[in-house]
Amino acid sequence: MTDTPSLEVDHLTKRFGDFTAVDDVSFALHPGEIFGFLGPNGAGKSTTIRTLLDLIRPTSGACRVLGMDSRRDAVEIHRRIGFLPADLALWNNLTGRQTLQYLANLRGGVDWGWVDQLSERIGADLERKVGEYSSGNRQKIGILQAFMHRPEVLILDEPITGLDPLVQLEFHSLLRETADAGGTIFLSSHTISEVERVADRVGFIRRGHLIAVERMAELHDKALRRITLEFAAPVPAAAFEGLEGVHEATVEGATVTAQYEGSMAPLLAVATQHDVLSVASASVDLDEIFLEFYRDEVEAAEER
Ligand SMILES: Nc1ncnc2c1ncn2[C@@H]1O[C@H](COP(=O)(O)OP(=O)(O)OP(=O)(O)O)[C@@H](O)[C@H]1O
Ligand SMILES: [Mg+2]
């Protein structure tokens with residue numbers, strides 16, 4: 001890894017009318033890194049990605065890819081990166097190969113030996129018309145077009161959608177090889193297990209807020225379960241006292257630090273009654289945190 005970020009999101013905010021889809025989000029990715037961008041439906045993942053690619057304009061903040069400004073240098077950025085959108089539009093009357101040839105002509109620099117090798121690895125069918133494809137095979141064409149010019153940076157919006165487990169495994173080894181060769185991979189996902197399996201770091205986004213960015217290895221290594229919660233406003237200390245499994249909870253204004261054993265559910269149950277801005281955790285039970293957020297999101301949707 002080098003010190004120069006290959007992808008940077010800098011205080012990005014995106015509003016649609018008076019709704020804030022992405023709220024002051026910042027992070028940076030470096031060459032050789034796979035970054036998992038995890039969050040429930042509507043969290044702001046695709047909005048962040050679309051802004052990075054200049055498909056929509058930020059309300060404020062900026063994005064840089066390979067040191068270039070995402071707005072001013074959009075054409076050059078699109079030439080040098082690979083992008084798999086969540087809602088890939090293809091031409092139904094072209095075959096998979098014709099589709100890739102068309103996109104390769106626009107882009108240049110495609111090595112067809114590599115394309116054939118890749119399509120064999122992920123089991124893509126290039127010879128039938130796209131309109132006749134299964135959703136998995138359509139997704140494979142999307143993956144091929146993102147990888148075919150061997151880009152330095154890959155931005156992939158839920159790439160494993162529709163892929164069967166064996167193809168997912170093959171795809172994940174492709175991601176690892178690409179990162180090992182110095183590539184940068186930004187991967188959005190709903191799936192904790194996918195991110196755990198493949199990512200070096202994970203950013204968790206919820207309701208437009210990037211609430212945690214953690215190194216996967218550190219999350220797994222820390223034996224002691226500690227959690228730091230930041231709230232939008234000071235929280236009452238009494239609320240965190242005497243909770244089941246919680247040994248030590250320190251409340252300082254809007255920050256709560258706790259050590260606990262067993263389930264973090266009692267702690268999260270209290271925490272989610274307040275406006276949580278961020279969670280920093282050194283816990284092997286990553287799933288629990290994330291699932292708790294999903295649950296909260298589902299409940300909020302039901303209330304609407
Ligand atoms: N063009 C738009 N106009 C108005 N609201 C929008 C627009 N695009 C996105 N949103 C809203 O912004 C929020 C974030 O959407 P986004 O597509 O970024 O979520 P996501 O994290 O990609 O979710 P999913 O996992 O479902 O793909 C949602 O509430 C969505 O309805
Ligand atoms: Mg999305």
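The values are calculated or read from the model by the stated rules, or taken from the named source; none is laboratory data. Note that the coordinates shown come from a computational prediction; the quantities given were computed from them, not determined experimentally. Glycine also receives a Cβ, built like all others from the backbone with ideal geometry; neighbour counts cover every protein chain displayed. These area figures cover heavy atoms from the full protein model, side chains too; ligands, DNA and RNA do not enter into them. Shrake-Rupley method; radii C 1.70, N 1.55, O 1.52, S 1.80 Å.
Of note:
- Criterion violated by Asp54 - all others in (1) free of Cβ contacts under 8 Å to residues at least 40 places away in the same chain; (2) surrounded by fewer than 17 Cβ atoms within 10 Å (Cβ to Cβ); (3) within 16 Å of ligand 1 (Cβ to nearest atom) satisfied: (2)
- Residue within region 221-240 that is surrounded by fewer than 20 Cβ atoms within 10 Å (Cβ to Cβ), modelled with pLDDT of 80 or more and within 21 Å of the chain's Cα centre (by Cα) present: no
- Scanning region 36-47 for residues that are buried (at least 23 other Cβ atoms within 10 Å of the Cβ), farther than 17 Å from Gly61 by Cα and either small (Gly, Ala, Ser) or more than 9 Å from ligand 1 (Cβ to nearest atom) (or both) turns up Gly36, Leu38, Gly39, Ala43.
- Being surrounded by 17 or more Cβ atoms within 10 Å (Cβ to Cβ), at pLDDT below 95 and within 16 Å of ligand 1 (Cβ to nearest atom) is a description that does not apply to Ile155.
- Among (1) open to solvent by less than 50 Å² (accessible area, probe 1.4 Å); (2) modelled with pLDDT under 90; (3) not assigned by TED's automatic domain parsing to the domain that holds Phe37 - the single one Glu194 does not satisfy: (3)
- Among the residues of region 173-191, the one identified as open to solvent by less than 10 Å² (accessible area, probe 1.4 Å), more than 20 Å from Pro5 (Cα to Cα) and more than 13 Å from the chain's Cα centre (by Cα) is Leu174.
- Condition check for Gly113: free of Cβ contacts under 8 Å to residues at least 24 places away in the same chain and farther than 19 Å from Leu169 by Cα: yes
- Odd one out for Ala146 among (1) in a helix (DSSP H, G or I); (2) surrounded by fewer than 17 Cβ atoms within 10 Å (Cβ to Cβ): (2)
- Being more than 16 Å from ligand 1 (Cβ to nearest atom), within 19 Å of Ala146 (Cα to Cα), under 15 Å from the mean Cα position of the chain (by Cα) and open to solvent by less than 40 Å² (accessible area, probe 1.4 Å) is a description that does not apply to Ile77.
- Region 1-28 - residue that is touching a Pro at 6+ places or on another chain (Cβ under 6 Å) and within 13 Å of Cys63 (Cα to Cα) and, of those, nearest to ligand 2 (Cβ to nearest atom): Lys14
- Residues being surrounded by fewer than 13 Cβ atoms within 10 Å (Cβ to Cβ) and in a loop (DSSP other than H, G, I, E, B) - total across region 2-25: 5
- Qualifying residues in region 145-161 (those that are out of contact with any Ser or Thr (no Cβ under 6 Å at 6 or more places or on another chain) and under 15 Å from His172 (Cα atoms)) - the one farthest from ligand 2 (Cβ to nearest atom): Phe147
- Look at (1) in contact with a Lys or Arg (Cβ under 7 Å, 6 or more places away or on another chain); (2) aliphatic (A, V, I, L, M); (3) modelled with pLDDT of 95 or more and you find that Val213 fails only one, number (3).
- The lone criterion from (1) farther than 19 Å from Gly44 by Cβ; (2) among the hydroxyl-bearing types (Ser, Thr, Tyr); (3) part of a strand (DSSP E or B) left unmet by Ser188 is number (1).
- A residue that is in contact (Cβ under 8 Å) with a residue 40 or more places away in the chain and in a helix (DSSP H, G or I) cannot be found anywhere in region 34-42.
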